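Presented below is the structure to which this report refers.
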Amino acid sequence: QVQLVESGGGLVQPGGSLRLSCAASTSILSIVPVNWYRQAPGKERELVASMSNGNANYADSVKGRFTISRDNAKTAALQMNSLKPEDTAVYFCNVRAPSRNYWGQGTQVTVSS
């Protein structure tokens, strides 16, 4: 069983920055794709960023503002700059292993003045 724990969320003003971290209990992040999703109240969960085989992809709404990375085999990150109120959501780390899909508990990001 792989455990994922997100951290780094919080309250930030529009235009500010936050760096989210995804910590894994094993070195799984070095061998499987890593994804960041977010879900705002009353809305569907959406894919924000993904990294697989060295390729990074982003939702149009965050391109140029967010950056996904692998800091090491057990830690992935999502750097979020120029944050907007519409970025407010719970952000989830997701990895797809050969046998199953793993999710963290989520971390709240609130962008408000």
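The values are calculated or read from the model by the stated rules, or taken from the named source; none is laboratory data. Keep in mind it's a predicted model, so treat the numbers as computed, not measured. Note that we place each Cβ from the backbone using ideal geometry, even for glycine, and neighbour counts take in every protein chain shown. Keep in mind that these areas ignore ligands, DNA and RNA; they rest on the heavy atoms of the full protein, side chains included. Shrake-Rupley method; radii C 1.70, N 1.55, O 1.52, S 1.80 Å.
Could you give the radius of gyration (one decimal) and Dmax (whole number) of the Cα atoms in the stretch 68-113, in Å?
Values for the stretch 68-113 (Cα only, Rg and Dmax): 13.0, 43 Å.
Tell me the label-point distance for the pair T67, S82, using the 7 Å Cα-to-Cβ offset, in nm and rounded to one decimal.
The two pseudo-label positions are separated by 1.4 nm.
About the Cα centre, and with charges only on the beta carbon of Lys, Arg (+1) and Asp, Glu (-1), how big is the dipole of the chain? Nearest 20 debye, please.
Numbers: 11 positive and 7 negative charges, 34 e Å.
Computed about the Cα centre, the dipole is about 160 debye.
Over the heavy atoms of K43, what accessible area does a 1.4 Å probe trace out, to the nearest 10 Å²?
Probe radius 1.4 Å; accessible area of K43 about 140 Å².
At 1.4 Å probe size, with every protein chain present, just tell me what the per residue accessible area of the stretch 53-113 comes to in Å². Don't jump to the answer; show the numbers that get you there.
Working: 3170 Å² over 61 residues.
Ligands and nucleic acids excluded, the result is 52 Å² per residue.
Excluding R65 itself, what net charge comes from residues whose Cβ is under 12 Å from its Cβ, given Lys and Arg +1 and Asp and Glu -1?
On the way: positive: K63, K84; negative: D60, E86, D87.
Spelling it out: positives minus negatives among the neighbours equals -1.
Count the DSSP beta bridges whose two residues both fall in the chain, then state the antiparallel fraction as a percent rounded to the nearest 5. Display every interim value, and only then the final one.
Numbers: 37 of 40 bridges.
Antiparallel: roughly 90 percent of the beta bridges in the chain.
What is the gain in length, in nm to one decimal, between I31 and S112 on full extension, counting 0.36 nm per residue of separation less the C-alpha to C-alpha distance?
Working: separation 81, 0.36 × 81 = 29.16 nm, distance 3.67 nm.
Full-extension gain reported as 25.5 nm.
Express the carbon and sulfur contribution to the solvent-accessible surface of the stretch 10-58 as a percent, rounded to the nearest whole number, probe 1.4 angstrom. Don't jump to the answer; show the numbers that get you there.
Numbers: 1330 of 2700 Å².
Here it works out to 49 percent.
Do you know the relative contact order of the chain, to the nearest whole percent, from alpha carbon pairs under 8 angstrom that are 6+ apart?
Working: 279 pairs, mean separation 42.3, N = 113.
Rounded, it is 37 percent for the chain.
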